[in-house]
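Have a look at the structure below, then the notes.
Values quoted throughout were computed directly from the atomic coordinates according to the rules given, and no laboratory measurement underlies them. Just so we're clear, the structure is a prediction, and the values are computed from it rather than from any experiment. Neighbour counts are summed over all protein chains in view; Cβ atoms, including those assigned to glycine, are modelled from backbone coordinates with ideal geometry.
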Amino acid sequence: MKDFTSIHLWCCFLLLAGALAVCAAAGQQVGFSPNRGLVIVREGKTDAVIVVSPAAKGWEKNAATDLAKYIGLMSGATPAIAATAEAAAAALQGKAPVFLIGQAAFDANPALKKALAKVAKANPVIRADAIIAHNL
């Protein structure tokens, strides 16, 4: 069995891939260029925002901070985390790419909960997560 660090890094990679897919799905409204794809970081700078519920704790809060950390490590620019209702509302009204994590995604589109239930494992051996990409 793999050690915790390699599992954690793999989960972070999957989280980032899923989050990129969410942004790509909404790309026509948030900085997507058909010729360049989804642009999260340009010339070492980003306007992207990661939105997480103000009530987020544990895994959900860690997912937001890990996503910001790994985007920063890969690109040199770390997206801001919006963890208040005011910051989340401002991010959702802006034109920059927005990553919605956990409950924040459900709040933005309640139908996502059913979509997530369809892809989640019924009886996971260890804690399992599911990722959905959806155009909000």
Give a quick list of GluC sites (Glu not before Pro) in the range 40-114 that DSSP marks as loop, anything other than H, G, I, E or B, with at most 16 other Cβ atoms within 10 Å.
-> E43
P(r) over all Cα-Cα pairs of the range 46-108, 5 Å bins from 0 to the longest distance, whole percent per bin, short to long, reads 4, 21, 31, 25, 14, 4, 0
Stretched fully, the stretch from V125 through V39 gains (0.36 nm per residue minus C-alpha distance, one decimal, in nm) 27.3 nm
Restricting attention to the range 39-126, which trypsin sites (Lys or Arg not before Pro) occupy a DSSP loop and are surrounded by at most 13 other Cβ atoms within 10 Å?
-> K57, K95, K121
Which of the residue pairs K45/K69; K61/K121; K69/K114; K45/K95 have a Cα-Cα distance greater than 20 Å in the structure shown?
-> K61/K121; K69/K114
So how much slack lies between D107 and A90, counting 0.36 nm per residue of separation and subtracting their Cα-Cα distance, in nm?
-> 4.6 nm
Once M74 and W59 are pulled to full extension, the length gained, defined as 0.36 nm per residue separation minus their Cα-Cα distance, is 3.2 nm
